[in-house]
Each structure stands twice: as C-alpha cells, then as structure tokens.
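What follows is a set of notes on a single structure, which appears directly below.
The values are calculated or read from the model by the stated rules, or taken from the named source; none is laboratory data. Computed from a predicted structure; not experimentally measured. So basically every Cβ, Gly included, is an ideal-geometry build from the backbone, and we count neighbours across all protein chains shown. With ligands, DNA and RNA removed, areas are computed over all heavy atoms of the protein, side chains included. Shrake-Rupley method; radii C 1.70, N 1.55, O 1.52, S 1.80 Å.
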Amino acid sequence: MLGLTIVGFLGAICFALCAAPQVWKAYKTKSTGDISMLYIILSIGGNVFSGIYIGGTNYLTGYWQIPQYFNYSIALTLIIVLMFMKIKYDKLSDKNGK
C-alpha cells in the first residue's frame, strides 16, 4: 500500500505542478496574451468539481486519498494565480496599447 501511495504522490505532484511553468513564464515576461481565459475557467472548474467529488466519495467510503487533495489544492492555487496575472497583465497591455 505504501508503494501505491508514493506513486499517487508522484502523479499528484506532476499534475499539481503542470501550471507552474506557465505561471513562471507569465511572471518573467509580464505577458499572458496567449493564455485563454476559458482555459483558466475550465481548469478552476475541473479542480473544484473533482476535489468535491473526491472529498465526497472519500467521506462515504472512509478511504482518504491524500495525494489527490495535494494535487487539487496546489493545481487550483497555481491556476488562480495565473488568472490574477492574466487579468493584471491584460489590463496593462490594453493600457499600453499593445
């Protein structure tokens, strides 16, 4: 069981950090013009609804999948940061006429 938990955490870390390179690139370039707001909204919805589903099924079964909570919380945090960056940088871009 410990082996599966480790594999679960490795998968969760990979999925959770998928948005990290995009957040870093947006931070460095101060540009998010090529990022779709629909992508961000769907990512937020997917993380929230999947987290609710996992939490609900874990509550009902008594089996708590901790790697999944790690995954959804980190991924949701990163995508929310990306959303705020997009709003900020798109406003700056519009202001500067780019």
In segment 1-19, the residues that are in a helix (DSSP H, G or I) and within 14 Å of Gln65 (Cα to Cα): Leu2, Gly3, Leu4, Thr5, Ile6, Val7, Gly8, Phe9, Leu10, Gly11, Ala12, Ile13
Subset of segment 2-21 (residues that are aliphatic (A, V, I, L, M) and farther than 17 Å from Leu78 by Cβ): Leu2, Leu4, Ile6, Val7, Leu10
Selected residue (only one of Tyr63, Tyr59 is modelled with pLDDT under 90, open to solvent by 50 Å² or more (accessible area, probe 1.4 Å) and among the hydroxyl-bearing types (Ser, Thr, Tyr)): Tyr63
Selected residue (only one of Asn71, Asn96 is farther than 20 Å from Ile41 by Cβ and either open to solvent by 70 Å² or more (accessible area, probe 1.4 Å) or in contact (Cβ under 8 Å) with a residue 40 or more places away in the chain (or both)): Asn96
Any hit, segment 23-31, residues being modelled with pLDDT under 90 and at negative phi: no
Considering residues of segment 70-98 that are at pLDDT 90 or above and of a type in the set (Phe, Trp, Tyr) only, the residue nearest to Leu2 (Cα to Cα): Tyr72
Any chance Leu38 is assigned to a helix (DSSP H, G or I), over 16 Å from Ile87 (Cα atoms) and hydrophobic (A, V, I, L, M, F, W, C): no
